[in-house]
Amino acid sequence: MKRIIYLIIIGIFIASFQTKAQDIPQIKLDSLKMKLETLFMKDQIFRRMYKDVEKRYGQESDEIEYFWEVVEKQDKVLEKEVVAIIEKYGWLGISQVGRLANTTIWGVLQHGSVASKEKYAPLLKESVLLKESQPKHYARLIDRMLINSDKPQLYGSQFEYGLDGKATFFPIKNPETVNKRRQDLGLNTIQEFAKQKGIELGAVLKTK
C-alpha cells in the first residue's frame, strides 16, 4: 500500500513538471538554452584543468586541495541555479533546449548534493523514457549514488582503473539481470558496453 501511495505521489510530481515544461514560450526556451550552456562551461572548465594542476603541484599538495575546495564551492552555486530552473520549468528536454543544455542539467546534478539527485532522478528517468534525455545520464546518476552509499550499482555504468591500468566494474547488483535493466532504459548490453570501454567481460560478474 505504501508503495502504491509513493508511486502516485511521484506520478503527480512528474506530471506537474511536465505541464510546466509544455507551457514555456520559445523565446524563454532560447534564453534557458543559453544560460544552461554557460553553466555547462562553468561546470567543466576547472575539471579540465585539474590534471595540469595535479601534475604541477602533486596529488597531495596544498594547491590541489585548494583547487578542489574552489570547485566544490562553485558546484554548490551551479546546483542552486539548475535546481531553480527545474523547480520553475521542469526537466527541459533535448527538443526544447538542445542536447548540450539538457546535458547540463544532469551534469550539474551529478556534481551536486545527494538530496537533489534523489529528488530529481524520477524526472530524469521520465525524460529518458520520453526520449528527451540520454539513458546513460540516468544510469550514471543512479549508479554513482549507489556506489557512494557503498551499494552495488544497477546498470553497470561505473568502473575504475587499477594500478595495472586495467578497467573493472564496480560491483553490480544481480548481474544476471543487468541487461534487462539496461534494455528497459534504452542502453546497449553490458557486454557491448564492456567492449567499448575495454573492460574484461569477466569483471561484469563481480558482485558485492
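Can LEU92 be described as assigned by the TED database to the domain that holds LEU32 and assigned to a loop (DSSP other than H, G, I, E, B)? It is true that LEU92 is assigned by the TED database to the domain that holds LEU32 and assigned to a loop (DSSP other than H, G, I, E, B). Would you call LYS76 open to solvent by 50 Å² or more (accessible area, probe 1.4 Å), modelled with pLDDT of 95 or more and either within 30 Å of GLU200 (Cα to Cα) or not in a helix (DSSP H, G or I) (or both)? Against the criterion (open to solvent by 50 Å² or more (accessible area, probe 1.4 Å), modelled with pLDDT of 95 or more and either within 30 Å of GLU200 (Cα to Cα) or not in a helix (DSSP H, G or I) (or both)), LYS76 does not qualify.
Can you say whether LYS151 is of a type outside the set (A, V, I, L, M, F, W, C), at pLDDT 95 or above and under 24 Å from GLN196 (Cβ atoms), as far as the supplied structure shows? No; evaluated as a whole, the condition is false for this residue. Can you spot a residue in segment 20-38 that is of a type outside the set (S, T, N, Q), out of contact with any strand residue (DSSP E or B) (no Cβ under 6 Å at 6 or more places or on another chain), modelled with pLDDT under 90 and part of a helix (DSSP H, G or I)? Checking segment 20-38: at least one residue is of a type outside the set (S, T, N, Q), out of contact with any strand residue (DSSP E or B) (no Cβ under 6 Å at 6 or more places or on another chain), modelled with pLDDT under 90 and part of a helix (DSSP H, G or I).
Please specify each residue of segment 79-102 satisfying the condition of being open to solvent by less than 60 Å² (accessible area, probe 1.4 Å) and touching a Phe, Trp or Tyr at 6+ places or on another chain (Cβ under 7 Å). Passing the criteria: ILE86, GLY90, TRP91.
The values are calculated or read from the model by the stated rules, or taken from the named source; none is laboratory data. Nothing here was measured: the structure is a model prediction, and the numbers come from that model. Note: ideal-geometry Cβ built from the backbone for every residue, glycine included; neighbour counts use all protein chains shown. Protein only, heavy atoms only, side chains kept; ligands, DNA and RNA dropped before computing areas. Shrake-Rupley method; radii C 1.70, N 1.55, O 1.52, S 1.80 Å.
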